[in-house]
Each structure stands twice: as structure tokens, then as C-alpha cells.
Amino acid sequence: MTGLTSETLLGVFLIFCRIGGCLMMVPGFSSNRIPMQVRLFIALSSSLAVAPLVLDKAQAGLANQAPATMLLYIASETLTGLTIGLLGRIYFFALQTLATAVAMSIGVGGMAGTPVDESEPLPAISSLIMMVATAVLFLSDMHWELFRGLVASYGRIPLGEGFGAQFSLMQIADQSTAAFVVALRVSAPFIIYSVVVNLAVGLTNKMTPQIPVFFLATPFIMLGGLLLMYFLVSDFMLLFMDSFSTWLRNG
């Protein structure tokens, strides 16, 4: 085996570490519904497709490196990929959290649904929202923007440069703030609905303590919440996916 061939294989493996680490965390591809062999094939084929674009610049820095240095490169590339995937995953974590809050606010939080992207079941409304978000991610071709961003990441974080822990933590903190602000915006009508309805029911129960107002009002609270979901779910998802696509294009 020639030196050039070994360096090429090592460079492709480092690319695979970043892309594979990203696909382990990024929404959609990290789902338990996708078999491990399929995810491995996607990561390997994507690495081979990206290699001609970034390998020439990296081969000079990979020559004659000590084994300990190469292990450090492998660890840093894997952590970089995991961080990129986590930045996208944070949006879906925020959506899942606020979707659970929406389900509780309209009185359907106790009905467990089928898990879509996680191993644990969520309320049925939350499962529906997460399933729609995951489907829109692929139907709108945002997953191609993800791969474009992975290629662009080599311009900002060259192969073998190392993992910047402080920069990554700052990115994660900023992304968490932005994601939860967006999730709060899309769930705000349901939270306001919950506050208003429960305040009205509480006042009614205070004035007529002999009548079980909360028990009688529960079906109507659920009906009103489901009607609100019916009319707002389109804008709900469009606002969230627009913010997520903006991060994919500019992040």
C-alpha cells in the first residue's frame, strides 16, 4: 500500500466520522425507525461523495502524523459531526417539549401515542406533530440542505483542525435559545387558550361549588383545543419549518 493510498483512506475515514456523527443526531436520519444498516450506508455513500471536494486540502496535513495525533483527529471529527447534528436536533427537542405542553393544555396529555422519532411514547397530539415535522423535513427537500451544510462546514472547520469546545458550547446555547423561542411562538395560542379557559372554569367553580365544573367542562375544553389545533396546525408547522430551514441555509 502506498503512502498516498493510506492517506486517502484515512482522509475518507475522517470525513466519515464527521458525517456519521452528524447523522447519529440530526432529525429524521437518527430515528429508531431507520435501520442501522441503512444509516451506515447513507453515511458511507455521503462520505465518498464529499471526499473529492475536501480531501485534497486535508491530505497535506495528514501526512506522517503520529498514531496518537490521528486518534485525536478521529475524536475531534466525530465530536464536530455530533455537534452539527445536535444543533439541528435541538429544534426538534424544543418542538417536542412544547408539543407535549400543547397536549396538556388542551386536556389530551394523558392519551399516549405511538413513538415516532423517540423510543418513549408521547401524547397522541405530540406524536402527530413530530410525525408531520419529520415528514415535512423530507418532503420539502430540507435533508439536501443538511448535506450541503455538511460540505460547507469543511470551509469553516477544516478537516483535522480540532474540536473547539468553547465555540461549540456557545453555538448550542444560542441554538437552544432560538429553538425554544420559535417553539414558544408556535405554541403560544394554545398556552393562552389554556390559561383563559382554566381561569374561566376556576371562577365558575368558585361561584358554584356544588357543581363539578371541572369534570363537566373537560370535554368542551378538549373540543375547543382540537378545533384550535385544526385551524392553526398549518401555520404552526409552517412557522417552525421556516425557522428550521433558515438555520439549515445560514447555520
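The values are calculated or read from the model by the stated rules, or taken from the named source; none is laboratory data. Just so you know, these numbers come straight off a predicted model, no measurement behind them. All Cβ positions, glycine included, derive from the backbone under ideal geometry; neighbour counts span all protein chains shown.
Conditions tested, residue by residue: (1) basic (K, R); (2) surrounded by 12 or more Cβ atoms within 10 Å (Cβ to Cβ); (3) in contact with a Ser or Thr (Cβ under 9 Å, 6 or more places away or on another chain); (4) at positive phi.
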residue: S176; (1), (2), (3), (4): no, yes, no, no
residue: F180; (1), (2), (3), (4): no, yes, yes, no
residue: R185; (1), (2), (3), (4): yes, yes, yes, no
residue: V195; (1), (2), (3), (4): no, no, yes, no
residue: I221; (1), (2), (3), (4): no, yes, yes, no
residue: L226; (1), (2), (3), (4): no, yes, no, no
residue: S234; (1), (2), (3), (4): no, no, no, no
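Answer with yes or no whether R89 is among the basic types (K, R), at pLDDT below 85 and more than 14 Å from F16 (Cβ to Cβ).
On the way: among the basic types (K, R): yes; at pLDDT below 85: no; more than 14 Å from F16 (Cβ to Cβ): yes.
No; evaluated as a whole, the condition is false for this residue.
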Of the listed residues (D141, D117), the one being at pLDDT 80 or above and acidic (D, E) is D141
Scanning the range 70-108 for residues that are in contact with a helix residue (DSSP H, G or I) (Cβ under 6 Å, 6 or more places away or on another chain), closer than 17 Å to M25 by Cβ and among the hydrophobic types (A, V, I, L, M, F, W, C) gives L82, I84, L86, L87, I90, A94, L95
Of (1) within 14 Å of the chain's Cα centre (by Cα); (2) assigned to a helix (DSSP H, G or I); (3) modelled with pLDDT under 85, A58 fails just (1)
Picked from the range 149-175 (must be in contact (Cβ under 8 Å) with a residue 60 or more places away in the chain and within 17 Å of the chain's Cα centre (by Cα)), the residue nearest to A94 (Cα to Cα) is Q175
Selection from the range 188-229 of residues at pLDDT below 85, assigned to a helix (DSSP H, G or I) and hydroxyl-bearing (S, T, Y) yields T204, T218
